[in-house]
């Protein structure tokens, strides 16, 4: 795969993930047009000026119920560790502007870079390796749908149906789906698994709690 086609694919899957979390991605939907990786970079360069491809892929998103989100790409050639100076802008963007963050990297973080991130307590962030976003986790036709229950729905489950969290299935933090949606511990999730097309019912419904 051509390098720029690689980055186009990576960006498309990142946008899809953010969209699935409920963020507004309307201004980036052009990325899904019939374009090549080379055209992708040319459009970004025209918009933001000449930068490295990863800096051009920097994005910010809004959400109706959550903090704004910043997505930051950092990558180095070879197996070099990513030093603190490469993620300082990401940290400052979150902490000074009170944003959530997604850091996408292609290597490991240095000890100092990791330590600097542990100091962040007021902002929520995640770290993804680029390879984790080279495929769409939710794209398979039989992939279940995951929906967080509202507070009202949770109350109905507890009071009307008499279900208790300990009686529900578990979604562990290590589950790729939990990372994909960035579910929080304690959230109750509705899982809709599609049945084959000739089935009487369209979905199998299951409830799970994020551990």
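Quick look at the numbers
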read-out	value
Hits in region 10-24 (condition: in a loop (DSSP other than H, G, I, E, B) and more than 15 Å from residue 180 (Cβ to Cβ))	24
For residue 107: the one exception among (1) closer than 30 Å to residue 24 by Cβ; (2) touching a strand residue (DSSP E or B) at 6+ places or on another chain (Cβ under 7 Å); (3) modelled with pLDDT of 90 or more	(1)
Every residue from region 93-133 that is within 18 Å of the chain's Cα centre (by Cα), in a strand (DSSP E or B) and within 21 Å of residue 76 (Cβ to Cβ)	101, 102, 103, 104, 105, 125, 126, 127, 128, 129
Number of the exception - residue 205 against (1) more than 16 Å from the chain's Cα centre (by Cα); (2) assigned to a loop (DSSP other than H, G, I, E, B)	(2)
Within region 50-60, tally of residues that are in a loop (DSSP other than H, G, I, E, B) and more than 18 Å from the chain's Cα centre (by Cα)	3
Qualifying positions in region 61-92 - assigned to a helix (DSSP H, G or I) and more than 26 Å from residue 131 (Cβ to Cβ)	92
Residues of region 168-190 that turn out to be touching a residue at least 12 places away in the same chain (Cβ under 8 Å) and closer than 22 Å to residue 13 by Cβ, as a count	11
Selection within region 138-164 - outside any helix (DSSP H, G or I), over 25 Å from the mean Cα position of the chain (by Cα) and without any contact (Cβ under 8 Å) to a residue 24 or more places away in the chain	160, 161, 162, 164
Any hit, region 35-49, residues being in a strand (DSSP E or B), assigned by TED's automatic domain parsing to the domain that holds residue 105 and touching a helix residue (DSSP H, G or I) at 6+ places or on another chain (Cβ under 9 Å)	no
Residue that is surrounded by the fewest Cβ atoms within 10 Å (Cβ to Cβ) [pool: residues in region 134-167 that are in contact with a strand residue (DSSP E or B) (Cβ under 7 Å, 6 or more places away or on another chain) and either in the same structural domain as residue 76 (by TED's automatic domain parsing) or within 30 Å of residue 13 (Cα to Cα) (or both)]	142
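The values are calculated or read from the model by the stated rules, or taken from the named source; none is laboratory data. Remember, it's a predicted structure, so these values are computed and weren't measured experimentally. Note: ideal-geometry Cβ built from the backbone for every residue, glycine included; neighbour counts use all protein chains shown.
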